[in-house]
């Protein structure tokens, strides 16, 4: 996955500037990102504080680890069933 040039803190500061009344086109031009990127950020981080964004990042990484563990468990179960054979 591509890493963003901007941290969560920077993204939230851009969103706060837009909420304060700065035109979105001007904000995007000064920040160096597209309108579509701004709206994607607003959908993901809208209404969040910096601490909320950090917590979201922690939860996403924890979720990824749990998904990996679950996938490995299913793979082990499938391997055992194929080796031992399924009871009928």
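Each value in this text was obtained by applying a stated rule to the coordinates, not by laboratory testing. Keep in mind the model is a prediction, meaning the values are calculated, not measured. Cβ: placed from backbone, ideal geometry, glycine included. Neighbour counts: every protein chain shown.
Here are the numbers for the structure shown:
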item: Residue count for the range 17-34, restricted to those that are surrounded by 12 or more Cβ atoms within 10 Å (Cβ to Cβ) and either closer than 23 Å to residue 54 by Cα or in contact with a helix residue (DSSP H, G or I) (Cβ under 7 Å, 6 or more places away or on another chain) (or both); result: 7
item: From 60, 8, residue being out of contact with any strand residue (DSSP E or B) (no Cβ under 8 Å at 6 or more places or on another chain) and surrounded by 11 or more Cβ atoms within 10 Å (Cβ to Cβ); result: 8
item: Qualifying residue in the range 34-53 (condition: farther than 23 Å from residue 5 by Cα and either within 19 Å of the chain's Cα centre (by Cα) or touching a residue at least 40 places away in the same chain (Cβ under 8 Å) (or both)); result: no
